[in-house]
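The values are calculated or read from the model by the stated rules, or taken from the named source; none is laboratory data. The structure displayed is predicted, hence computed values, not measured ones. All Cβ positions, even for glycine, are placed from backbone atoms using ideal geometry, and neighbour counts span all protein chains on display. The area values use the complete protein model at the heavy-atom level, side chains included, leaving out ligands, DNA and RNA. Shrake-Rupley method; radii C 1.70, N 1.55, O 1.52, S 1.80 Å.
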Amino acid sequence: MLTVRALSVHRGGRALLDGVGFTARCGAVTGLIGPNGVGKSTLLRAVAGLPPQDATVRGGSLLFDGRPLPTMARERARLVGFLPQGHAVHWPLTVRRTVELGRLPHLGPLGRLRPEDHTAVERVMAATGIDGLSQRPVTGLSGGERARVMLARVLAGEAPLLLADEPAASLDPGHQLRLMEVLRAEAVERDRAVLVVLHDLSLAARCCDHLVLLKPGGGCAAGPTPAVLDPALLREAYGIPFAVTEAAGVPLVIPTLPPKSDRGVSRHAC
Ligand SMILES: Nc1ncnc2c1ncn2[C@@H]1O[C@H](COP(=O)(O)OP(=O)(O)OP(=O)(O)O)[C@@H](O)[C@H]1O
């Protein structure tokens, strides 16, 4: 279990995160939600040991299964798999080679892959549906294909704690659901703690066991998904009204805007 206690991250004189605390259990998917700029990426980066440029962790503690997260980069990388936002790739490595790089924290000084490394690589390529792309250069893939390759690379590290920053952002609806299914399988079948940033609250409602809602001004609301997807809490955090409902047995979280006339705008409300 990941335990975040009273975490504060500052840049210059400004708090990017202030006193955030929650837990993310093994065997479960925890969604990290909140409005733009509230500090979701900063939080994931702090847990991964890669705080944003010029930012420092000023207070609080980060524990996994009751022990402080290691400070040594290699040791941390074995424990924490981190998929950052965006998928910039600069070298035309093949898809297979790119996924193999996810095994680096486990390899010796020569970086030679062992049979168990190949097994892990093949498992995650199959799970993410990219085995057909194996010999393609990553620079020649679509945004959604590349997103799945980068996910596979992180999964290949087989870290007990997985952090993913908006992994669904460039995926079509089918691949979004498949992605969440892959993350759920990692959590449930391999007893991993998965912490995933999502902006699609309906997807979060459908696929996350627990949610952490970061609030502007500091702090968070954390708990089982239905408890956090409370219209009053959401309105407080995002500053707009939400309807929380259900269709075809699937939860739906619908953001709304007040009528345009109330906002001094004349036509074409969403
Ligand atoms: N490189 C940077 N330089 C200065 N400020 C930054 C930088 N990156 C982020 N910030 C600021 O840090 C705060 C937290 O940003 P962060 O990216 O963690 O938010 P977020 O919740 O992930 O946002 P989003 O939903 O838009 O991705 C924001 O106020 C942002 O403007």
Per the rule of 0.36 nm per residue minus the C-alpha distance, extending Glu189 to Ala248 adds in nm 18.5 nm
Listed residues Thr94, Thr119 arranged by accessible area, highest first, probe 1.4 Å = Thr119, Thr94
Ignoring any ligand, DNA or RNA, what whole percent of the accessible area of segment 2-229 comes from carbon and sulfur when the probe is 1.4 angstrom?
-> 52 percent
Stokes-Einstein diffusion coefficient of the chain, Kirkwood radius over Cα pairs, 37 °C, 0.692 mPa s, in µm²/s = 168 µm²/s
Figure the gain on full extension for Met1 and Ala126 (residue separation times 0.36 nm, minus the Cα-Cα span) and round it to one decimal in nm.
-> 42.3 nm
Placing each pseudo-label 7 Å from Cα in the direction of the beta carbon, Arg11 and Gln53 end up separated by a distance in nanometres of 0.9 nm
Computed accessible area, Arg74, all protein chains, 1.4 angstrom probe, square angstrom = 110 Å²
Roughly how many Å² is the accessible area per residue of the chain, as a whole number, for a 1.4 Å probe?
-> 49 Å²
Quick one: go through segment 232-260 and flag any residue whose amide nitrogen is under 17 Å from the point 7 Å out along the Cα-to-Cβ line of Gln85.
-> 238
To the nearest 0.05, what FRET efficiency results for His199 and Arg114 with a Förster distance of 30 Å applied to their C-beta separation?
-> 0.20
One would report the Cα pair-distance distribution of segment 102-142, bin width 5 Å, in %, as 5, 20, 23, 22, 18, 9, 1
Going residue by residue through segment 105-116, the Karplus relation 6.51 cos²θ - 1.76 cosθ + 1.60 with θ = phi - 60° gives ³J(HN,Hα) values, rounded to whole Hz and with x marking Gly or Pro, of x, 9, 8, x, x, 7, x, 7, 6, 9, x, 5
Calculate, for Asp172 and Thr139, the FRET efficiency according to 1/(1 + (r/R0)^6) with r their C-beta to C-beta distance and R0 22 Å; round to the nearest 0.05.
-> 0.55
